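Every read-out reported here was derived from the displayed coordinates using simple, explicitly stated rules and does not represent laboratory data. Everything numeric here is computed off the predicted structure, so don't read it as measured data. Counting neighbours? That spans all protein chains shown, and the Cβs are built from the backbone with ideal geometry, glycine included.
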Amino acid sequence: MRVLSNNWIITFQNPVNNIKIMINSENKVELSITRIFDAPRELVWMAWTDVKHLKIWWGPKGFTNPVCEWVAQAGKKILIHMKAPNGITYPMDGEFTEVVDLEKLVFKTAALDDDGKRLFEILNTIQFSDDGGKTKIRLDFVAYNITPEGKPYLAGQEMGWNMSLDKLVELLKQI
């Protein structure tokens, strides 16, 4: 662990996979992932913005999304219930704040407890760019308003996102 500035401390960095996780003194967690997909940007964009595709790849390996409300337009609400292989459901809600066609998705999400209380909130920014016939995405994630009950869920975010993105790779081969 090393201090990057007065507030941020690196807790995990893997330059081979372009992953960085940081936590700061203000109870925020930041994650950044860069991935290149062997598919044109239009196809990757469609997989992120068309709910029929998103519900297939969203969530870690083995998870399904029996509830998946996702309309990629600024101001539209998000509601996803991720169901784990053991039957436990992990609900989340949110809202899109910015959508730039084929370039950027910005949305806020929150993990919910059984009573609908927010465990933490996340600002997600996904940027899409061409990379020699492939598509490069950069996912930036900042979790904040983290409750004590929500902290354990954040420990698996890097692994969960990478499992989701691996599922996206497989979906892109089929569409």
Item to complete: List the residues whose amide H sits under 5 Å from the amide H of PHE37, counting only those 5 or more places along or on another chain, with H placed 1.01 Å from N in the peptide plane.
Response: THR135, LYS136, ILE137
Worksheet, complete the sentence: Under the rule rounded for a/c under 1.5, else prolate if a/b exceeds b/c, else oblate, using alpha carbon gyration tensor axes a ≥ b ≥ c, the range 106-175 is classed as prolate
Response to the item:
Karplus ³J(HN,Hα) for the range 94-108 (6.51 cos²θ - 1.76 cosθ + 1.60, θ = phi - 60°; Hz, whole; x = Gly/Pro) runs x, 7, 6, 10, 7, 9, 10, 3, 6, 10, 7, 10, 10, 8, 9
Item to complete: Rounded to the nearest 0.05, what FRET efficiency do MET159 and LYS117 give with R0 = 30 Å and r taken as the Cβ-Cβ distance? Could you check?
Response: 0.75
Worksheet, complete the sentence: Summing +1 per Lys or Arg and -1 per Asp or Glu among the other residues with Cβ less than 12 Å from LYS173's Cβ gives -2
Item to complete: Give the shape of the chain as rounded, prolate or oblate, defined through the alpha-carbon gyration tensor: a ≥ b ≥ c are the square roots of its eigenvalues, a/c under 1.5 means rounded, and otherwise the shape is prolate if a/b is larger than b/c and oblate if not.
Response: oblate
Worksheet item: Which value, in debye to the nearest 20, describes the size of the charge dipole of the range 51-121 about its Cα centre when Lys and Arg Cβ atoms bear +1, Asp and Glu Cβ atoms bear -1, and nothing else is charged?
Response: 240 debye
Response to the item:
With 0.36 nm assigned to each residue of separation and the Cα-Cα distance removed, THR97 to ASP130 gains 9.6 nm
Discussion item. Can you tell me, using C-alpha contacts under 8 Å and at least 6 residues apart, the relative contact order of the range 2-174 as a whole percent?
Written reply: 22 percent
Worksheet, complete the sentence: On the formula 1/(1 + (r/R0)^6), with r taken between the Cβ atoms of LYS151 and THR34 and R0 of 30 Å, the FRET efficiency rounded to 0.05 is 0.70
Worksheet item: Amide H to amide H under 5 Å from MET82: which residues, 5+ apart in sequence or cross-chain, H placed 1.01 Å off N in plane?
Response: TYR90, MET92
Worksheet item: Nearest 20 debye, what's the magnitude of the dipole of the chain about its Cα centre given +1 on Lys and Arg Cβ and -1 on Asp and Glu Cβ?
Response: 280 debye
